[in-house]
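Student: Before I ask anything, let me first share the structure, which is written out below as structure tokens.
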Amino acid sequence: MMGANHDPRELPPALVLTGPTASGKSGIAVALARCLPCEIVSMDSALVYRGMDIGTAKPDAATRAGVPHHLVDLLEPTERYSAARFVDDALAAMAAVTARGKLPLLTGGTMLYLKALASGISDLPQADPATRSVIDAMAADSGWPALHEELSRCDPDTAERLDPNDSQRIQRALEVYYLTGEPMSKLLRERPPHPLPYRLVQAALVPSDRSVLHRRIEKRFDEMLELGLIGELRQLREAHALDPELPSMRCVGYRQAWAYLDGRTSLGQLRSTGIAATRQLAKRQLTWLRSMPDVATFDCLAPDPMAQVLDFFAGMLAA
């Protein structure tokens, strides 16, 4: 790893193209990779799963044959992925791309992954399924607010900044404490994140008119239904021991299709709830983007956003 005081201008560049769902990231990224010496590194928590193609708008085989895509189809939908593993996988892919004399182009809308990569992840123990099962059983018995009280006793600094119902973060903080015997807040102070050994050049596609993005979301969800989202999930359920609480099945579209296949909703409700959930996802992504520094924004509804992003990247690389 590069030292913390290393001049960032001397680091190899890595391009970033992000934005909310349905902003056109994937198509523009492929077009960019045909103009610049790039290989795409996916920054999408759903594209890692094999067999989940329609509901994730995964690039097809022909596209991926023409432009290399990394971190796609890594796992079965029964498996779990994390921001920490993404950082490890992304750095390995970026190093390989750079070694080939190409530029990594990180593309996707999982903002937590981008934040983790840019900010770094501290050297904490990896997730332990057995410990998590114990914590989940405790939560099922007593509720997450009770576990938040438990966290207050062993790691008051972390507990103070967490909502009593923030199950994911409470679980992680307790897991770290049970595995190490030390509060996570103390370990974070003692084990600062490693600096990223790349200079990120970041661009985001942001709509000038949210209502137009909403219409795009509606159109794309209808296309997913027409392409066979329900049948895809039915096949996945037949092929794997899935349950609706797995991260893969909590992805927008699949969660709503699961309820439909279980007979709990109608096709019309599947469509309306799926579109609403996708709009909420886009809203969260835009909120993340507003909080992130050093990201140049471009209107995804402009006549030719690809040309604008290309000019930006080319200018930054030449600087």
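Student: Between the alpha-carbon centers of segment 102-116 and segment 142-178, tell me the distance in whole angstrom.
Tutor: If we compute the Cα centre of each part, the gap is 29 Å.
Student: Would you work out the Kirkwood radius for the chain? I mean one over the mean of 1/r across all pairs of different Cα atoms, in Å.
Tutor: Values: mean 1/r = 0.0470 Å⁻¹.
Here the Kirkwood hydrodynamic radius works out to 21.3 Å.
Student: Hey, in the GNM for the chain with a 10 angstrom Cα cutoff, which one of Ala14, Ala139, Ala31 fluctuates hardest?
Tutor: Of Ala14, Ala139, Ala31, the most mobile in the Gaussian network model is Ala139.
Student: Quote to one decimal, in nm, the extra length available between Ala302 and Asp88 on full extension: 0.36 nm per residue of separation minus the C-alpha distance between them. Kindly include the intermediate steps, with their values, before the conclusion.
Tutor: Values: separation 214, 0.36 × 214 = 77.04 nm, distance 3.52 nm.
That pair, Ala302 and Asp88, stretches by 73.5 nm at full extension.
Student: What is the set of long-range amide H partners of Asp73 at a cut-off below 5 Å, with H atoms built 1.01 Å from backbone N?
Tutor: Val48, Tyr49
Student: Then there is this: Non-local amide H neighbours of Thr297 (under 5 Å, H modeled in plane, Pro and chain starts lacking H): which ones?
Tutor: Ala204
Student: What do you get for trypsin sites (Lys or Arg not before Pro) in segment 33-107 restricted to DSSP loop and a cutoff of at most 14 other Cβ within 10 Å of the site's Cβ?
Tutor: Passing sites in segment 33-107 are Arg80, Arg100.
Student: Sort largest first and round to whole Å: the equivalent ellipsoid semi-axes of segment 129-190, each the square root of five times a Cα gyration tensor eigenvalue. Please list the in-between numbers first.
Tutor: Values: eigenvalues 61, 37, 14 Å².
Listed largest to smallest, the semi-axes of segment 129-190 are 17, 14, 8 Å.
Readers should treat all values here as calculations from the given coordinates under stated rules, not as data from a laboratory. Small disclaimer: the values here were computed from a predicted structure and weren't measured. Every residue, glycine as well, gets a Cβ built from its backbone with ideal geometry; the counts of neighbours run over all protein chains shown.
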